[in-house]
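Below is one structure, written out as structure tokens; comments come after it.
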Amino acid sequence: MRRTRRSGRAMLFCAVMKKTRVAQKKKPGAGKKIAKGGAAAAGLARGKAAGSEPQRVAAILAGLDSMYPDAVCELVHANPFQLLISTILSAQCTDVRVNQVTAELYKKYKTPEDFAYATPSELEQEIRPTGFFRNKTKSVMGAGKALVEKFGGGVPKTMEEILTLPGVARKTGNVVLGSGYGIAVGVVVDTHVIRLSNRLDLTHHTEPIKIEQDLMHILPQSKWIQFSHQLIWHGRRVCVARKPRCADCKIEPLCYAKDKTSWSAPQSAPRK
């Protein structure tokens, strides 16, 4: 009897397991999960295609041209060397503050040699208002020394060479080459460009290097330099982070952002 009950229990267990496996194979949830994943991937592909479609990109560029035909780098500089130093100082700091500091700084430090052989403690205090002044002091002094020792005191004109300077990454290289020399080797990607290029659905990335690659792929090379300036101006004047002024935006019909507002403010509002 015990053997019979045990056998019956085993048969019942096998039957239940078989039924469960069949149910799992046909489980609606599994099918939905696959379908959902496929739909998400397809949606991402559609969104990316729609955002980077040539006619739409051309319309965005035309809109930015109409709003900011004279957009330029807002770091005040007299030459590529000053632009290099100002860009290094602009990390985690506003252009307005950097310009306030460099207005006096460049009266004392006029050449790469001046920065290379400066007194660190003095230079630290002079650039202190820009923040992270100790690290920035090391960077600008290191950059000055490298320019003197490796490049004869001149700022190099290639991305490969300029990236060898202390404190210089690709963003700084693009700023100096683009605004200092008019050489378009890439797209400047700062916080405004990261935010707005995603709002405009021109990229789905958040990493600067990947965003730059996406923008370089969809923008004409002739627009690489000006596009960054225009997007930065737009981010400071109209499409501000906390409350975008969509009513003032000429490219609002082309924008896919979900947090649009109807708030409008004068163009002379304080800039970030």
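Between the listed residues Val188, Gln100, Leu200, the Cα displaced farthest toward the positive end of the dipole of segment 54-272, a dipole computed from Cβ unit charges relative to the Cα centre, is found at Leu200.
Once fully extended, how much extra length lies between Gln213 and Lys243, figured as 0.36 nm per residue of separation less the alpha-carbon to alpha-carbon distance? Spell out each step's value before the answer.
On the way: separation 30, 0.36 × 30 = 10.80 nm, distance 2.82 nm.
Length difference between fully extended and current span is 8.0 nm.
Multiplying the residue separation of Tyr181 and Gln221 by 0.36 nm and removing their Cα-Cα distance gives an extension gain of 12.9 nm.
Sort the following peptides by mean Cβ neighbour count (other Cβ atoms within 10 Å, averaged over residues), highest first: 147-156, 117-126.
Numbers: 147-156: 15.8, 117-126: 13.3.
Result, highest mean first: 147-156, 117-126.
Between Lys250 and Thr119, the distance separating the two model label sites (each 7 Å from Cα on the Cα→Cβ line) works out to 5.2 nm. The label point for Glu53 and the one for Glu149, both projected 7 Å from the Cα toward the Cβ, are 5.5 nm apart. By definition, a body whose alpha carbon gyration tensor gives a ≥ b ≥ c is prolate when a/c is 1.5 or more and a/b is larger than b/c, and segment 54-272 fits this prolate description. Taking a point 7 angstrom from the Cα of Thr206 along the C-beta vector, which residues in segment 177-193 have backbone N less than 17 Å away? So the set is 190-193.
Readers should treat all values here as calculations from the given coordinates under stated rules, not as data from a laboratory. As the structure is a prediction and not an experimental result, all values here were calculated from the model. For neighbour counting, all protein chains shown are included, and Cβ atoms are generated from backbone atoms with ideal geometry for every residue, glycine included.
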